[in-house]
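The values are calculated or read from the model by the stated rules, or taken from the named source; none is laboratory data. All values derive from a computational prediction rather than experimental measurement. Here Cβ is always computed from backbone atoms with ideal geometry, including for glycine, and neighbour counts include all displayed protein chains. Accessible surface areas use protein heavy atoms only, side chains included; no ligands, DNA or RNA. Shrake-Rupley method; radii C 1.70, N 1.55, O 1.52, S 1.80 Å.
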Amino acid sequence: MDAEATTFRARVTAVHKNRWVIEPGDQAIVSNRLDEDPVVGDWVIAERHEALCRIVEIEPRTGLLTRKRPGDVANDAVVEQPIAANVDLALLTMAVDDDFSVRRLERYLTLAWDSGATPVVILTKADLADPWQLDDRVSAVDTVAFGTECITTSAHTGAGLDRLRALLQHGMVAALLGSSGVGKSSLVNALAGVDLQVVTDVRDFDGKGRHTTTSRRLVELPWGAYLVDTPGLRELQLWADEDALVDSFPDITDLARECRFRDCTHESEPDCAVTVAVADGRLSEERIESWRRLRRELAYLARRIDPAAARAERQKWKSIARSRRALNKVRPE
Ligand SMILES: Nc1nc2c(ncn2[C@@H]2O[C@H](COP(=O)(O)OP(=O)(O)O)[C@@H](O)[C@H]2O)c(=O)[nH]1
Ligand SMILES: [Mg+2]
Ligand SMILES: [Zn+2]
């Protein structure tokens, strides 16, 4: 090794094709000794050789937010695409207009709980709805999000931004997740106070809801919190372990404790407490249908990918994330 090399710790703030931006530092390349590529949010060890920085190590992650890469399902090759590592808050964004869907929110919650991040529901474009309509939306969120915080915002009027700012504390990393056009980039700009992200006029979306976006990066807010804006995607594709549903469907998890079989799928097993709850109206048909659909999807994903090693790695940081959340719950404000 080069005698003049200096080693330092840095965070990956942007990923381009074969180039990583690290802070402190600048541009870096990745050592071919690494088994995987660093992603935005990763803490890394880098070496500087004169003008060149090389990432030589990725520190253990507290979580990894991933989605299924769209368009790869047809040929059975399911690919996991990381969005960001070590994300503290997953901001699940939906507009209060026709974009709003409780079923989609169940998906987002599942993906978030699986990632190690704490979910927060962000309803956008509040200026487009009547007050009674907003109340309806918030109540609908409550039926699937349970204690998860829900903030109603408008990038245009500034409503709700103070609450959001208060959540995004110094040093925290938050990822904005949601379909194209819901106003994620507008929120970033409103919080930053300057136009950092390209806001696309809704009329510029093509029929598939795509538009051009910049590469993925961490945006630093003036008070030292970081945001990841996910590039335009019509739909966020689900990626999670099957057991993610335990967290995202706590009502069903509670009921399932009374099922006769521990691995009850709540389809047609005898003495299924979930089926009974649906029959007597304590659990809605839509809710259990949603659970079944997601479970099938996740089982399908698990059959396609799931090298044992990757699974063990995920389990490791997931248990770290769980105990961290438990700590956060008991810690006084
Ligand atoms: N009425 C209203 N429109 C908004 C708001 N935020 C964003 N928009 C509009 O929604 C469109 C998409 O916004 P953009 O931030 O690019 O969404 P992104 O694809 O989620 O990043 C643009 O035409 C914005 O002007 C809002 O709070 N209220
Ligand atoms: Mg955008
Ligand atoms: Zn059951």
For Glu149 paired with Glu80, estimate the spin-label separation in nm (one decimal), with each label point 7 Å from Cα along the Cα-to-Cβ line.
-> 2.8
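So for Trp223, Trp20, Trp113, what's the accessible-area order with a 1.4 Å probe, most first? Intermediate results must be reported in sequence, preceding the final value.
Details: Trp223 80, Trp20 15, Trp113 50 Å².
Descending order: Trp223, Trp113, Trp20.
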Taking the Cα centre of the range 6-58 as origin and charging only Cβ (+1 Lys, Arg; -1 Asp, Glu), how large is the dipole, in debye to the nearest 20?
-> 100
Report the extension gain between Ile45 and Glu269 in nm, rounded to one decimal, defined as 0.36 nm multiplied by the number of residues separating them, less their alpha carbon distance.
-> 75.5 nm
What accessible area, in Å² to the nearest ten, does a 1.4 Å probe give for Cys53?
-> 0
Cleavage-rule hits, trypsin sites (Lys or Arg not before Pro), the range 260-306, DSSP coil, Cβ neighbours within 10 Å at most 16 | Arg260, Arg262, Arg282
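Rounded, prolate or oblate: which fits the range 6-58, taking a ≥ b ≥ c as square roots of the Cα gyration tensor eigenvalues, rounded meaning a/c under 1.5, else prolate when a/b beats b/c? Could the numbers behind the result be given before it?
Numbers: a/c = 1.31, a/b = 1.17, b/c = 1.12.
Cα axes put the range 6-58 in the rounded bin.
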Point-to-point label distance, Glu220-Val194, nm (Cα→Cβ direction, 7 Å offset) | 1.2
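If DNA, RNA and ligands are ignored and the probe is 1.4 Å, what is the ranking of Ile29, Ile151 by accessible area, most exposed first? Kindly include the intermediate steps, with their values, before the conclusion.
On the way: Ile29 60, Ile151 0 Å².
My answer, sorted largest first, is Ile29, Ile151.
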Please work out how much length the chain gains when fully extended from Ala140 to Phe261, using 0.36 nm per residue of separation minus the C-alpha to C-alpha distance, in nm with one decimal.
-> 40.4 nm
At a probe radius of 1.4 Å, what is the per-residue accessible area of Glu297, in Å² to the nearest 10?
-> 50
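Loop only per DSSP, at most 11 neighbouring Cβ atoms within 10 Å: give me the GluC sites (Glu not before Pro) in the range 31-140, ordered by residue number.
On the way: sites: Glu36, Glu47, Glu50, Glu57, Glu80, Glu106; in loops: Glu36, Glu50.
Those that pass, being in a loop and sparsely packed, are Glu36, Glu50.
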Accessible-area value, Leu255, 1.4 Å probe, nucleic acids and ligands omitted, Å² = 40
Please work out how much length the chain gains when fully extended from Asn32 to Ala166, using 0.36 nm per residue of separation minus the C-alpha to C-alpha distance, in nm with one decimal.
-> 44.2 nm
